[in-house]
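The values are calculated or read from the model by the stated rules, or taken from the named source; none is laboratory data. None of these values were measured; they are calculated from a predicted model. Quick reminder, even Gly has a Cβ in these numbers, built from the backbone with ideal geometry, and neighbours come from all protein chains shown.
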Amino acid sequence: MPKMFQSTFRAVTCSMAILFVAPAVAYAQPESTSEAPNSASRPNIVWIMSEDNSKHYLKHFDETGVETPAIEAMAAHGITFDRAFSNAPVCSTARTTLITGCYGPRIGTQFHRRTELATLPEGVEMFPAWLRKSGYYTTNSSKEDYNAKKRMEPWDDSSRKASWKNRPSNETPFFHVVTFAESHESRLHFGVDALQKPTDFDPKTVSLPPYFPDTQVFRHTAAFYRDRMSVIDEKVAGVIDQLEQSGELENTFVFYFGDHGGVLPRGKGYIYEAGLHVPLVVRIPNNYRNLVDRELGSRTKGFVSFIDFAPTVLNLAGVRLDKAGPIDGKAFLGPRIDSAKVDTRDTTFGYADRMDEKYDLVRSIRVGDWKLIRSFESFQPDAMWADYRYKMLAYQQWRDRYHTGKLNNVQSQFFKPRPTELLFNLADDPHEVNNLASDPAHGDRLTELRAKLNAHLKQTNDLGFLTEAGMLKVIDAPVENGKRLSSEIASYIDTANIAVMPWEQANKALLSAINSGDKLERYWALVAASSIAAWNRSANRDMAADETFVKLLHRRTLDTEPLVASRAAQLAAILQVEDPRPIFQRTLELSQSPTEALQIFNMVRHVNALAGNPYPMSSKLFRLPFNPDPKGLIQQHLDHLDRP
């Protein structure tokens, strides 16, 4: 594990005004089992999850999708949630949110793949453990993929053979989870020969979003993936049939949902709607119809997020909640839940951090049809390389067409540095391609959402602002340490937000923060400066021409903290005022852990991919104080540096 950050933290003076007070964190912990209802009187609950699909591929949610008769039949006997969201756009982070009811950046579970498992905060368990304690038989078939350590065992059986049918008696209520991988990203890792194979969904009728090129590859991929959703629907029908044949269907709440969004390019891994907006249908059993105050076949536009699923299941199961232990979600079905109030819920938060070898700290807020995406490392394009992602033929072709000048402006956005803030009106722009953040007509909306998002990040003590290497030093008690470092984390958020200030204000704030005695303040100031330099040509010229600024930047390239010096090297490369290669060589030799080195290599890869890069790099330039895993993420970076 990396050495603990030793610097004395201090707040910056450039804090943005907080115009919104975030709601208090919800608290939940089951009451004593002596007060639990009789086991035989409680409903069964089944979750059916399909991997990697947003709501956009099902006609029940989107007119461009495929018909799913089994899911539609569930909806006719239940409720459709038109605005259901994963809080994270990738498997392990999303699943950890589901199983805990907690925001990943608050409890240290936001990185995919995790470096170390986080310790759950006091009073929080993987929620099926509470069901087990109250008499439920809990089974999972079979994917877990959690980023936190188990404390109480959540599952009676978690395996490919796990089944509710193995419960000790027919009177024992059960909670069963089944995950279907037929829609997983890997199903799109086919070669060019597959393009000749027919699909059930006609590629000619596919509706492509405007950010995709209209090619055979994209049409075939989109049609083939809709075929995968038809297979998912058949799997759903099989689960419903099993429940019906056993006589348990009308005793069982059945949830169908995607485990996060995806999986065509710009879906999985990104916090656009294609990565977060999931399908959700809940079938209501006749024998427990009284637990839900909604009409069968109804739809709601009330917002529900993955943080809400755990308390909802506990509420349906009659496991009462008190205020003893912190979770973030609120139940949306079951006793004591007013559906009219659920219908008024209109806010969801999203987060994306490292996905495999690609670092990119992004946060989002959606309120109604308005959405703000804050890209804290906006100088990196969305298209930054990740090996697994680019196994998809559509990704490869999209990238090739960009580099050969065959894309229009909207299709090219994915490959260019991003604005630090992206503001979308989803009612008019469902594909999120028309950024309104710089439009004065929407300045009040931008200010409102910015303040709400910043308040949320500070209230939850977002651990992403410690960097992953720094977070690992507090992972044994992430929530407690987040509270202890609350003022410091707030100051880092303020420093990072220098990037959204007008340049005449940001200039002075950057000089102060880059010269700070707090290494993470220096780090985030350099990140903010890089975002400004990559997006604002005038500011880029000013920085490069400012002798005082360039001298200070050079001083930071000599910083004793490897991550700070590496960020300085990255900014020097963006401004083209200093060769970053010797700096990267030194910082990698001094890196204090594989996690720190992994993030430095992300900076190396970004610089190596800069347009007109005068500082080409190969793996031969770098020596590490450890031997990287030959199949690990650092080795993927090294291998890619040597590709033509």
TODO: Residue by residue through segment 375-388, note down the ones that are in contact with a helix residue (DSSP H, G or I) (Cβ under 6 Å, 6 or more places away or on another chain) and not aromatic (F, W, Y).
DONE: S378, Q380, P381, D382, A383, D387
TODO: Hey, can you tell me all the residues within segment 399-436 that are in contact with a Lys or Arg (Cβ under 9 Å, 6 or more places away or on another chain), in contact (Cβ under 8 Å) with a residue 60 or more places away in the chain and either part of a helix (DSSP H, G or I) or not β-branched (V, I, T) (or both)?
DONE: L407, Q411, F414, E421, L426, E432
Open item on the list: All but one of (1) more than 21 Å from the chain's Cα centre (by Cα); (2) crowded, with 17+ Cβ neighbours inside 10 Å; (3) hydrophobic (A, V, I, L, M, F, W, C) hold for A340; state the number of the condition that does not hold.
Closed with: (2)
TODO: Could you please find all residues in segment 577-610 being buried (at least 21 other Cβ atoms within 10 Å of the Cβ), hydroxyl-bearing (S, T, Y) and assigned to a loop (DSSP other than H, G, I, E, B)?
DONE: S591
Open item on the list: If the requirement is being under 22 Å from S183 (Cα atoms) and over 20 Å from the mean Cα position of the chain (by Cα), which of these qualifies: I284, I232, I271?
Closed with: I232
Task: Cross-chain or 6+ apart pairs with Cβ under 7 Å, segment 198-212 first and touching a residue at least 60 places away in the same chain (Cβ under 8 Å), then charged (D, E, K, R) - done: F201/R226; F201/D227; V206/R219; Y211/R266
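Name the residues in segment 276-320 that are among the polar types (S, T, N, Q) and in contact with a helix residue (DSSP H, G or I) (Cβ under 6 Å, 6 or more places away or on another chain), would you?
The first filter runs over segment 276-320 and keeps only residues among the polar types (S, T, N, Q), leaving 286-287, 290, 298, 300, 305, 312, 315.
Selection gives N286, N287, T300.
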Task: Close pairs (7 angstrom Cβ cut-off, 6 or more residues apart or separate chains): within 20 Å of A528 (Cα to Cα) in segment 477-498, of a type in the set (D, E) anywhere - done: I489/D462; S491/E521; Y492/E521; T495/E521
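Quick check on E521: is it among the charged types (D, E, K, R), in contact (Cβ under 8 Å) with a residue 60 or more places away in the chain, surrounded by 21 or more Cβ atoms within 10 Å (Cβ to Cβ) and assigned by TED's automatic domain parsing to the domain that holds T557? Spell out the reasoning first.
On the way: among the charged types (D, E, K, R): yes; in contact (Cβ under 8 Å) with a residue 60 or more places away in the chain: yes; surrounded by 21 or more Cβ atoms within 10 Å (Cβ to Cβ): yes; assigned by TED's automatic domain parsing to the domain that holds T557: yes.
Considered against the rule, which asks whether it is among the charged types (D, E, K, R), in contact (Cβ under 8 Å) with a residue 60 or more places away in the chain, surrounded by 21 or more Cβ atoms within 10 Å (Cβ to Cβ) and assigned by TED's automatic domain parsing to the domain that holds T557, E521 comes out as yes.
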Task: Filter result (more than 17 Å from L276 (Cβ to Cβ), among the charged types (D, E, K, R) and in contact with a strand residue (DSSP E or B) (Cβ under 7 Å, 6 or more places away or on another chain)) within segment 419-451 - done: E421, R445, R450
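Find the helices (runs of 4 or more DSSP H) located wholly in segment 68-128 whose residues include 2 or more that are β-branched (V, I, T), and list them. Spell out how you get there, then give the answer.
Working: elements: 69-76, 91-100, 104-107.
Helices (runs of 4 or more DSSP H) meeting the threshold: 91-100.
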